[in-house]
Structure formats: C-alpha cells, structure tokens
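Scroll down for the structure; my scribbles are underneath it.
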Amino acid sequence: MALRVAVVGSGPAGSSAAETLAKAGIETYLIERKLDNAKPCGGAIPLCMVGEFDLPPEIIDRRVRKMKMISPSNIEVNIGSTLKDDEYIGMCRREVLDGFLRDRAAKLGAKLINGTVYGLDLPKTSSDPYTLHYADHSNGSVEGTAQTLQVDLVIGADGANSRVAKAIDAGDYNYAIAFQERIRLPQDKMAYYHELAEMYVGDDVSPDFYAWVFPKYDHVAVGTGTMKVNKSRIKDLQAGIRQRAAAKLEGGEIIKVEAHPIPEHPRPRRVVGRVALVGDAAGYVTKSSGEGIYFAAKSGRMCAETIVELSNKGQRIPTEDDLKVYIKRWDKAYGATYLVLDLLQRVFYRSDATREAFVEMCADIDVQKLTFDSYLYKTVVPANPLTQLKITAKTIGSLLRGNALAP
C-alpha cells in the first residue's frame with residue numbers, strides 16, 4: 001500500500017509538512033483556500049530559520065540589527081549591540097514567504113489543490129480512509145465545485161479557526177487578536193527604519209502584549225495585539241500606537257489593514273485518530289513575543305518527519321500512538337521555551353510599572369545577549385551560572401524599583 005496524506009492549509013506549517021512528505025516519496029495533497037493569502041503578522045523570522053529551511057536571500061525584505069524597546073513613559077532602550085556582523089532578525093512579507101514555501105513543496109511533488117475544505121468524514125475502522133469534502137476553486141470561482149478526496153492521514157495546518165480541529169473535536173483555546181496597518185512612509189522617514197524595528201509597551205497600546213513598528217520591503221507594519229478581544233478596544237489600542245509613533249510615521253499612507261486571531265496556548269488535543277494539528281491550528285504561538293512563524297514551520301516538519309519515519313516512508317499507515325510521538329518530541333524540544341515566555345508575560349506585562357521595569361532590564365547587555373541568542377537560535381540558552389545569577393538579581397532589582405512586585 002502507498003500512504004496518502006492530505007495537508008490542509010499551506011502557510012509555513014502546512015507547506016513545511018508537505019515538502020517533507022513529498023521529498024520522502026509519500027503521496028501528498030496540499031490544499032489551500034487562497035493562493036495569494038497574506039496573513040497579518042509582524043513577519044519576523046529568526047536567523048536559524050533562514051538556514052534550517054534554506055530560505056533564499058530575496059525572501060528577506062530587511063535584515064533588522066537594531067531593536068528599540070519603548071516604555072510606557074517613552075524611555076527608549078536600544079537593543080542589538082550584542083549582535084555579530086552576520087546576525088540579524090529577518091523581516092518578510094507573508095505572501096512572499098508562504099508563496100515560496102508552497103511552490104517549493106509543489107515542485108518536490110506535493111499535489112497543490114486550490115480548495116476550501118468544509119467537511120471531514122471520520123473513518124469507521126482503523127484502516128478506513130478519511131474523506132475530505134472541499135470546494136475546488138481551480139476554475140477561478142469563489143463558490144468552486146464540490147469535490148471529495150480520500151486519504152489515510154490528515155494534517156490540519158489551517159490556522160486559528162481550523163476546520164480540521166473542529167472536525168476531530170480537538171477542543172478550544174483562548175486567543176488574542178492582532179491588528180496591523182501597513183503604512184508607506186516618505187523616504188526620509190523610511191530611512192529611519194532601515195534596519196530598525198520598534199516595540200512599544202504600555203496600557204495605551206496593549207493591556208497584555210506589545211505594539212510594533214516593523215520595517216518591510218517598501219513600508220512599515222504598525223500593529224498591536226491583545227487578549228482582550230473587543231473591536232472598539234482594538235481600535236483604541238491601534239490609535240495608541242499611531243499616537244506614540246506619530247512623529248516617525250508623519251506623511252505615511254495606509255496601504256492595507258489586517259486583523260487575525262492568534263492562539264494563546266496549545267489545544268487540549270493535537271492528535272486524534274490519524275489526524276494531527278500543526279502551527280496555529282495546534283496553538284503553537286509563544287507568549288511574550290507572540291512569535292509563530294518559525295514554530296509553525298518547525299511543527300509541520302517535525303510532524304511530517306515522524307510520519308515518514310513511523311510509516312517506513314509510506315509503506316504502512318501510522319496509528320494514533322505513532323502520531324503522538326510527534327507531540328512527545330515537540331513538547332520535549334519546546335515545552336520549556338513556552339513555559340519561560342508564559343512566565344515572562346505574566347510577570348512583565350501586568351501593569352505599566354512592571355513594563356517600565358522590563359524595559360529598564362532590557363538595557364542590560366547580559367539580558368540582551370541571552371534574549372537575542374534564545375530568539376535567533378531557538379534555544380533557551382543556558383547562560384553560565386554567574387551570568388544567570390546576575391540577570392536574576394537585575395530582574396528583581398528592576399521589579400523592586402518599579403514597585404512591580406506588589407501582587
């Protein structure tokens with residue numbers, strides 16, 4: 001028998017899964033609703049992703065080497081002095097990155113279907129196929145034509161509002177909302193953001209997250225995120241970041257407005273039967289940083305690698321227990337990262353006093369190095385014990401000065 005796998009959704013998670021499966025010679029279907037889709041997100045990717053996922057230089061719009069953290073009282077701390085010459089944070093447009101990863105998967109043999117999955121029939125036995133019901137848009141129509149596809153395994157990579165997750169009753173998660181305007185700036189203003197990104201904290205821009213100004217190809221992305229999901233609240237917060245950055249954004253014109261839900265924690269069930277969830281569908285966005293692109297791509301690849309290995313390159317149908325090996329490996333590799341960032345968010349994003357303390361702490365070189373290394377290379381870097389002690393002492397000192405340790 002030859003294994004058949006459907007991957008629903010072709011963002012970084014789905015495309016990375018499809019690429020890995022296709023490379024192994026497994027019959028792979030990659031189903032994407034909108035081939036020109038651009039998910040609203042900051043679009044920052046860590047350096048390790050460029051190497052690990054063989055991304056060509058043209059995918060990266062800008063190489064950010066300087067970061068400004070701006071406190072509620074507008075104290076600015078410059079971060080980035082610890083970066084080596086060849087280190088940077090990559091800024092990309094999602095439509096460019098996603099398009100590249102999707103095309104690469106298709107070139108390697110994944111069958112790309114422009115379709116919207118609206119139903120999934122679960123099998124009666126452990127060997128029966130899953131039946132996907134989808135609207136095929138290859139004729140260019142929005143309604144599409146009704147089609148079905150039978151497969152042995154399904155990977156749900158269809159984002160925060162995952163249909164696949166609903167079909168397997170994977171359980172819900174809390175989600176935050178990200179709102180962003182893309183603003184084209186006059187050249188002199190754009191020059192300021194040449195290799196600089198800004199992060200703003202404060203109740204006026206987000207009660208539980210941060211706001212950002214990230215440089216892109218020919219514009220900046222200006223946005224905010226919050227778990228207090230409420231349309232009028234989001235408008236106020238966006239007005240807050242526009243006001244805080246007003247002088248730097250003067251003369252800019254809005255070219256696009258975007259909003260999107262972001263999962264706040266993993267779903268209760270990420271594997272059910274022969275269906276596995278990856279990326280946002282699984283809930284793999286980190287707290288504090290709100291980062292998801294690298295973790296999405298990595299989860300898609302890890303899930304697919306587990307399938308390739310435990311199906312003996314497509315010779316047998318993996319079981320639910322086989323697929324759960326991917327979850328075990330994922331949690332072992334990244335569980336600590338999520339815990340640390342969750343803790344950071346709880347401690348530092350509680351009030352403007354704690355945010356002032358957080359920004360003050362970011363001025364410290366040891367803290368910067370630790371933060372950048374863990375971001376760029378995706379390891380919770382164990383600093384040597386002495387540095388760790390120093391950082392802990394500084395953290396407590398900053399919090400005490402900001403009266404931020406009060407409950």
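Values for this structure:
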item: Fraction of the pair-distance distribution of segment 51-161 above 22 Å, Cα-Cα pairs, percent; result: 59 percent
item: Cross-link reach list, lysines versus residue 369, counting only Cα pairs under 19 Å and skipping chain neighbours closer than eight places; result: 66, 68, 84, 378, 390, 394
item: The chain - Rg over Rh from alpha carbon coordinates, Kirkwood radius; result: 0.98
item: Backbone HN-Hα couplings from phi across segment 296-309 [Karplus 6.51/-1.76/1.60, Hz, Gly and Pro as x]; result: 5, 4, 5, 5, x, 5, 5, 4, 5, 4, 5, 5, 4, 5
item: Rounded to 5, the percent of DSSP beta bridges in the chain classed as antiparallel; result: 70 percent
item: Near-label residues of segment 168-197 by backbone N, under 20 Å of a point 7 Å along Cα→Cβ of residue 254; result: 177-186, 190
item: Proportion of all alpha-carbon pairs of segment 187-250 beyond 15 Å (%); result: 48 percent
item: Structure-based [θ]222 nm, the chain - -39500 (n - 2.57) summed over DSSP H runs of at least 4, per residue, nearest 500; result: -11500 deg cm²/dmol
item: Reference-scaled alpha-carbon Rg (2.2 N^0.38 Å with N residues) for segment 204-320; result: 1.44
item: Net charge over other residues, Cβ less than 9 angstrom from the Cβ of residue 222 (K, R count +1; D, E count -1); result: +1
item: Furthest towards positive pole of dipole, 254, 48, 138, structure part the chain, Cβ charges; result: 48
item: Cα pair distances in segment 18-88, grouped into 10 Å bins until the bin that holds the longest one, percent each; result: 14, 29, 32, 16, 8, 1
item: All aspartates and glutamates inside 16 Å of residue 107 as judged from Cα atoms, apart from same-chain residues fewer than 8 positions distant; result: 19, 27, 32, 54, 98
item: Least to most buried among 142, 213 (fewest other Cβ within 10 Å first); result: 142, 213
item: The chain, dipole about Cα centre (Lys/Arg Cβ +1, Asp/Glu Cβ -1), debye to the nearest 20; result: 340 debye
item: Hits among lysines - C-alpha to C-alpha of residue 231 under 27 Å, sequence gap 8 or more where chains match; result: 34, 39, 166, 216, 248, 256, 287
item: Cleavage-rule hits, GluC sites (Glu not before Pro), segment 52-112, DSSP coil, Cβ neighbours within 10 Å at most 16; result: 87
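Each reported figure results from applying straightforward, stated rules to the coordinates on display, with no laboratory input. Note that the coordinates shown come from a computational prediction; the quantities given were computed from them, not determined experimentally. Backbone-built Cβ (ideal geometry, glycine too); neighbour counts: all protein chains shown.
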